[in-house]
Amino acid sequence: MSLKEYFEKTKGVGILSTADEKGNVNAAIYATPHVLEEGSVAFIMRQRLSHYNVTRNPKACYLFMENSPGYEGKRLYLTMIQEEKNSEQLIQLRRRHTQVSPEEDLYLVTFSVDEVRPLL
């Protein structure tokens, strides 16, 4: 099953872990990634710590735990390759159209998928 099919069909909780240039780690709950093409995924980010970190250190890890008995899921090891600020593609990809203040920027951050591993 492709990553696109997997994330479209599977419900669960995702955590994106990032670190700054000094190695200070952050983990935040994130929705499932937007699978753009096999080998790349994107997240919509606000201007917060996770976004700050990937602009300093392009490596990240996304851990996804399925809503099922046991510990099923995936770990995606990622490298940031691009970001777009308030882009048309970002607007089209948004799943929830919650209110965003006019002063707040949103970023579509694209990552190459370096490795996919099972949760356990």
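The values are calculated or read from the model by the stated rules, or taken from the named source; none is laboratory data. Model, not experiment: these values are computed from the prediction. Glycine gets a Cβ as well: all are built from the backbone with ideal geometry, and neighbour counts include every protein chain shown.
Mind checking which pairs have a first residue in region 11-25 that is over 22 Å from GLU66 (Cβ atoms) and small (Gly, Ala, Ser) and a second that is modelled with pLDDT of 95 or more and not in a strand (DSSP E or B), Cβ under 7 Å, 6 or more apart or different chains?
ALA19/ASN53; ALA19/ASN57
Identify, by number, the condition in (1) surrounded by fewer than 16 Cβ atoms within 10 Å (Cβ to Cβ); (2) touching a Ser or Thr at 6+ places or on another chain (Cβ under 6 Å); (3) among the hydroxyl-bearing types (Ser, Thr, Tyr) that SER2 doesn't meet.
(2)
If I ask for residues that are in contact with a strand residue (DSSP E or B) (Cβ under 8 Å, 6 or more places away or on another chain), touching a residue at least 24 places away in the same chain (Cβ under 8 Å) and either crowded, with 16+ Cβ neighbours inside 10 Å or not in a strand (DSSP E or B) (or both), which ones from region 43-57 would you list?
Of region 43-57, the ones in contact with a strand residue (DSSP E or B) (Cβ under 8 Å, 6 or more places away or on another chain) are 43-51, 53-55, 57.
From what is left, the residues that are touching a residue at least 24 places away in the same chain (Cβ under 8 Å) are 43-47, 49-51, 53-55, 57.
Scanning region 43-57 gives PHE43, ILE44, MET45, GLN47, LEU49, SER50, HIS51, ASN53, VAL54, THR55, ASN57.
Considering only residues that are within 20 Å of GLY39 (Cβ to Cβ) and not aliphatic (A, V, I, L, M), which ones fall in region 61-97?
Listed by number, the residues that qualify are CYS61, TYR62, PHE64, GLY73, LYS74, ARG75, TYR77, THR79, GLN82, GLU83, GLU84, GLN89.
Which pairs do you get when a residue that is surrounded by fewer than 17 Cβ atoms within 10 Å (Cβ to Cβ), found in region 100-114, comes within reach of a residue that is at pLDDT 95 or above and not hydroxyl-bearing (Ser, Thr, Tyr), reach meaning Cβ atoms under 6 angstrom, with the pair 6+ apart or on two chains?
SER112/ILE81
Every residue in region 1-42 that is part of a loop (DSSP other than H, G, I, E, B) and within 18 Å of LEU90 (Cβ to Cβ), please.
Across region 1-42, the qualifying residues are ALA31, THR32, PRO33.
So that you can scan it fast, the table gives a plain yes or no per residue for (1) in a strand (DSSP E or B); (2) over 11 Å from the mean Cα position of the chain (by Cα):
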residue	(1), (2)
SER68	no, yes
TYR71	no, yes
MET80	yes, no
GLU103	no, yes
VAL116	yes, yes
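Among the numbered criteria (1) surrounded by fewer than 12 Cβ atoms within 10 Å (Cβ to Cβ); (2) within 18 Å of ASP114 (Cβ to Cβ), which one does LEU76 miss?
LEU76 satisfies all of (1) surrounded by fewer than 12 Cβ atoms within 10 Å (Cβ to Cβ); (2) within 18 Å of ASP114 (Cβ to Cβ) except (1).
Could you tell me how many of the residues in region 1-32 are touching an Asp or Glu at 6+ places or on another chain (Cβ under 6 Å) and farther than 19 Å from VAL113 by Cα?
Total meeting the criteria: 1.
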